[in-house]
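Asks: Quick one: this structure, given as structure tokens, is what I'll be asking you about.
The values are calculated or read from the model by the stated rules, or taken from the named source; none is laboratory data. The structure presented is a predicted model; accordingly, all values stated were derived computationally and were not measured. No Cβ is skipped: glycine too gets one built from the backbone with ideal geometry, and neighbour counts run over all protein chains shown. Side chains are part of the model used for accessible areas, which takes the heavy atoms of the whole protein and leaves out ligands, DNA and RNA. Shrake-Rupley method; radii C 1.70, N 1.55, O 1.52, S 1.80 Å.
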Amino acid sequence: MSKQVFLAGFIVCAGVLASAGLYGNPVVAQSAAAEKPAVYTYVAEWAVPRAMWADYQKQMEAEVDSMKKAVADGTIVSFGDFSVLNHQEGAPTHGSWFSATSMANLMKMLEARRSAAASTSPVLAASKHWDYILTSTNHNGHSGTFTNGYLRVARWSAKAGSNDADGKILKSTMVAVLEKLLADGAIHSYTVDEEIVHSDDPGTMFVVFVANGAEGLDKFDAAVTDLRKNNPAGAAAYGTLVDAHGHRDTLARVSTMTNK
């Protein structure tokens, strides 16, 4: 969604919270543990030629009003645009997402955007393209429109033989960390996603959050640094779920995002 070892620390941080009992706030614990209705997210990523970055941004800005209308009428529940900061040769430079509470509404929004793009700009025709269709029951966010966000995406491959069928490990570790950051105002939103239409290995997990400004990134890193010192052994439970060798990070600047 710079390559730092933030989730290496995040694993430890999460385990620390779970095993040391640092999430003593019953409201946070209840919120993190509650099963939520599924959301479905469509992510479009583009490798835009550098000379056309401004053209791409203008096109995205032209779509903001129609996307906000789709949030207002309930077709989607969130959307956002981003530009990648940790560039890699041949990899995406820009992207966007939108989320809905059903695949039907997700496809409705997708078809509307495809129809609008059919007569548009050379910038998309000149750009390499990737799509992801994701689903999540672990998600939360603040309502409103935000223009100061930084997107962090961590992609994890499942470890062979891992088992967390009821999601208890995930909820008591990673989700609890993100809920605490959300409650403290350090992040605008988060999701823990998996693909519902697979273009990656089954079991791949995407941990996604949008920080509340660059300060939110610092707060996250500071929290990880502080908490990982308390109980490194607490990483064991979460560490049984993911393969660190399959881990990749993305850091991006969010030009605008809206949550219902």
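Asks: Need pairs with beta-carbon distance below 7 Å; first residue of a type in the set (Ser, Thr, Tyr) and within the stretch 147-171, second open to solvent by 50 Å² or more (accessible area, probe 1.4 Å); sequence gap 6+ or separate chains.
Replies: So the pair list comes out as TYR150/ARG253; SER157/ASP201; SER157/ASP243; SER162/THR240.
Asks: Picking from SER162, SER157, which residue would you name as being open to solvent by 10 Å² or more (accessible area, probe 1.4 Å), modelled with pLDDT under 90 and in contact with a Leu (Cβ under 6 Å, 6 or more places away or on another chain)?
Replies: Working: SER157 fails: in contact with a Leu (Cβ under 6 Å, 6 or more places away or on another chain).
Sole residue among the options that is open to solvent by 10 Å² or more (accessible area, probe 1.4 Å), modelled with pLDDT under 90 and in contact with a Leu (Cβ under 6 Å, 6 or more places away or on another chain): SER162.
Asks: Within the stretch 172-181, can you find the residues that are open to solvent by 10 Å² or more (accessible area, probe 1.4 Å) and touching a strand residue (DSSP E or B) at 6+ places or on another chain (Cβ under 6 Å)?
Replies: Passing the criteria: only LEU181.
Asks: Output the qualifying pairs, or none if there are none: Cβ atoms under 6 angstrom, residues six or more apart or on different chains, first residue in the stretch 36-58 and over 19 Å from ASP193 (Cβ atoms), second residue among the aliphatic types (A, V, I, L, M) and surrounded by 19 or more Cβ atoms within 10 Å (Cβ to Cβ).
Replies: From the stretch 36-58, the pairs are MET52/VAL123; ASP55/VAL123; TYR56/VAL48; TYR56/VAL123.
Asks: A further question follows. Report, by residue number, each residue of the stretch 117-138 that is part of a strand (DSSP E or B) and open to solvent by 50 Å² or more (accessible area, probe 1.4 Å). Explain how you work it out, then say what you get.
Replies: Step one: list which residues in the stretch 117-138 are part of a strand (DSSP E or B), which gives 128-138.
Matches in the stretch 117-138: LYS128, HIS129, TRP130, ASP131.
Asks: Here are some residues: ASP201, ASP184. Which one is at pLDDT 95 or above and either more than 12 Å from LEU151 (Cβ to Cβ) or surrounded by fewer than 24 Cβ atoms within 10 Å (Cβ to Cβ) (or both)?
Replies: Answer to the selection: ASP184.
Asks: Go through the stretch 242-260 and count every residue that is under 20 Å from TYR150 (Cβ atoms) and either at pLDDT below 95 or assigned to a helix (DSSP H, G or I) (or both).
Replies: At the first step, the residues of the stretch 242-260 found to be under 20 Å from TYR150 (Cβ atoms) are 247-259.
Within this subset, residues satisfying the condition of being either at pLDDT below 95 or assigned to a helix (DSSP H, G or I) (or both) are 247-249.
Count: 3.
Asks: Residues of the stretch 206-241 being within 17 Å of the chain's Cα centre (by Cα) and at pLDDT 90 or above, which ones?
Replies: Residues satisfying the conditions are PHE206, VAL207, VAL208, PHE209, VAL210, ALA211, ASN212, GLY213, ALA214, GLY216, LEU217.
Asks: Only one of (1) over 23 Å from TYR150 (Cβ atoms); (2) over 16 Å from the mean Cα position of the chain (by Cα); (3) surrounded by 13 or more Cβ atoms within 10 Å (Cβ to Cβ) is not met by GLU111, so which one is it?
Replies: So GLU111 meets the others, but not (3).
Asks: Go through the residues of the stretch 99-108 one by one and say whether even a single one is at pLDDT below 95 and either more than 30 Å from ASP166 (Cβ to Cβ) or aliphatic (A, V, I, L, M) (or both). Walk me through how you get there before you give the answer.
Replies: The initial filter retains those residues of the stretch 99-108 that are at pLDDT below 95, namely none.
No: the stretch 99-108 contains no residue that is at pLDDT below 95 and either more than 30 Å from ASP166 (Cβ to Cβ) or aliphatic (A, V, I, L, M) (or both).
Asks: Kindly provide the set of residues from the stretch 139-153 that are assigned to a strand (DSSP E or B) and either surrounded by fewer than 22 Cβ atoms within 10 Å (Cβ to Cβ) or aromatic (Phe, Trp, Tyr) (or both), ordered by number.
Replies: Answer for the stretch 139-153, where residues must be assigned to a strand (DSSP E or B) and either surrounded by fewer than 22 Cβ atoms within 10 Å (Cβ to Cβ) or aromatic (Phe, Trp, Tyr) (or both): ASN140, GLY141, GLY144, THR145, PHE146, TYR150, VAL153.
Asks: Moving to a separate point now. Output the residues belonging to the stretch 61-91 that are surrounded by 15 or more Cβ atoms within 10 Å (Cβ to Cβ) and under 19 Å from the mean Cα position of the chain (by Cα).
Replies: MET67, VAL71, ILE76, VAL77, SER78, PHE79, GLY80, ASP81, PHE82, SER83, VAL84
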